[in-house]
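The values are calculated or read from the model by the stated rules, or taken from the named source; none is laboratory data. Since the structure is predicted, the reported quantities are computational estimates derived from the model, not experimental observations. Here the Cβ is made from the backbone with ideal geometry for all residues, glycine too, and neighbour counts use every protein chain on show.
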Amino acid sequence: MCSDDRQCGPEPDNPSDDRHGSSINADVPHSARIWNYWIGGKDHFPVDQQAGDDYARTFPGIIPLARAGRDFIDRVVTHLTADEGIRQFLDIGTGLPADNTTHQVAQRAAPHSRVVYVDNDPLVLVLGRALATSRPEGAADYLDADLRHPEHILTGTRQYLDFLQPIALMLMGVMGHIPDDDTAHTIVDTMLEALPPGSFLALYDGTDTDPAFIDAQRSYAATGAAPYRLRSPDQIRDFFTGLELIDPGVVPLTHWRPAPSPLPPDTVEGYGGVARKP
């Protein structure tokens, strides 16, 4: 499962393969390209479309979830920039560039916003660095690092962001890559401890609330892909312990500050929220 382009279902390709992005294999499905297909992007091949369709046959909800995740990020970044005055973002597990990336959304409201994207997929890094077009007043930088090594992320990020000013830590659809709860909480706590008061945690992930989702993930893992842990809504809420949740709390993605509509929002199998560090 997931992360906007951030792996949902298929897991990352072996980081040792094509480490410098010297070639792209169009004959083998690639997880970031599959996610890009699900959200309606253009950076995928027929083999990725086939793999995405196979996954969606087991769990049709993956496509609305993928797109809800993308929309959730857009609304979160808009709120943090326009309403909370955040000008620095640390976006971990960014995935392939898509429309309305974090720096594009932030810089629409505040052109001098600075964003650091973190990923360890070579394809993501090559395309991201090539396509990142920041406003001249701000910045959009890419860091090659792994979520499992938060100290390395923090060290690398300090050359781009001011750790004396608030930072929004974005963990969008990536914590399932850390199946052990203690390890996952240690990673989040380590990152938050390094950020100054007034910083924010924005996090979402897929939930174990639909048996079809669990079956689809299990079937993909059986192919040899690394497992992805789907958590319960309460387990996702636990990541925000000790922080000041922003209304409406940790809720289905489509229920977090949706655009005005006469119709109630659909519900997807993913929960997320935003909270301030006191």
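Return only the number of the condition from (1) surrounded by 15 or more Cβ atoms within 10 Å (Cβ to Cβ); (2) not in a loop (DSSP other than H, G, I, E, B) that T186 does not satisfy.
Going through the list (1) surrounded by 15 or more Cβ atoms within 10 Å (Cβ to Cβ); (2) not in a loop (DSSP other than H, G, I, E, B), T186 breaks only (1).
Which residues, counting only those in the range 151-182, are free of Cβ contacts under 8 Å to residues at least 12 places away in the same chain and either among the β-branched types (V, I, T) or in contact with a Lys or Arg (Cβ under 7 Å, 6 or more places away or on another chain) (or both)?
Within the range 151-182, just T155 meets the criteria.
Report yes if some residue within the range 124-141 is crowded, with 20+ Cβ neighbours inside 10 Å, among the hydrophobic types (A, V, I, L, M, F, W, C) and in a loop (DSSP other than H, G, I, E, B); otherwise report no.
no
Here is a list: A221, A216. Which entry is surrounded by 18 or more Cβ atoms within 10 Å (Cβ to Cβ) and at pLDDT below 95?
Numbers: A221 fails: surrounded by 18 or more Cβ atoms within 10 Å (Cβ to Cβ).
None of the others qualify; the one that does is A216.
Which of the residues belonging to the range 231-278 are of a type in the set (D, E, K, R) and touching a residue at least 12 places away in the same chain (Cβ under 8 Å)?
Initially, the range 231-278 is screened for residues of a type in the set (D, E, K, R), giving 231, 234, 237-238, 244, 247, 257, 266, 269, 276-277.
Answer for the range 231-278, where residues must be of a type in the set (D, E, K, R) and touching a residue at least 12 places away in the same chain (Cβ under 8 Å): R231, R237, D238, E244, R257, D266, E269, R276, K277.
Out of everything in the range 247-278 that is among the hydrophobic types (A, V, I, L, M, F, W, C) and under 19 Å from the mean Cα position of the chain (by Cα), what residue ends up being nearest to I214 (Cα to Cα)? Explain how you work it out, then say what you get.
Residues of the range 247-278 that are among the hydrophobic types (A, V, I, L, M, F, W, C), as a first pass: 250-251, 253, 256, 259, 263, 268, 274-275.
Subset that is under 19 Å from the mean Cα position of the chain (by Cα): 250-251, 253, 256, 268, 274-275.
Working: V250: 21, V251: 20, L253: 18, W256: 24, V268: 14, V274: 25, A275: 28 Å.
Result: V268.
What residue, among those in the range 39-70 that are of a type in the set (D, E, K, R) and assigned to a helix (DSSP H, G or I), is modelled with the highest pLDDT?
R57
Just one of Y204, Y228, Y220 is touching a His at 6+ places or on another chain (Cβ under 9 Å) and either under 27 Å from R57 (Cβ atoms) or in contact (Cβ under 8 Å) with a residue 60 or more places away in the chain (or both); which is it?
Y228
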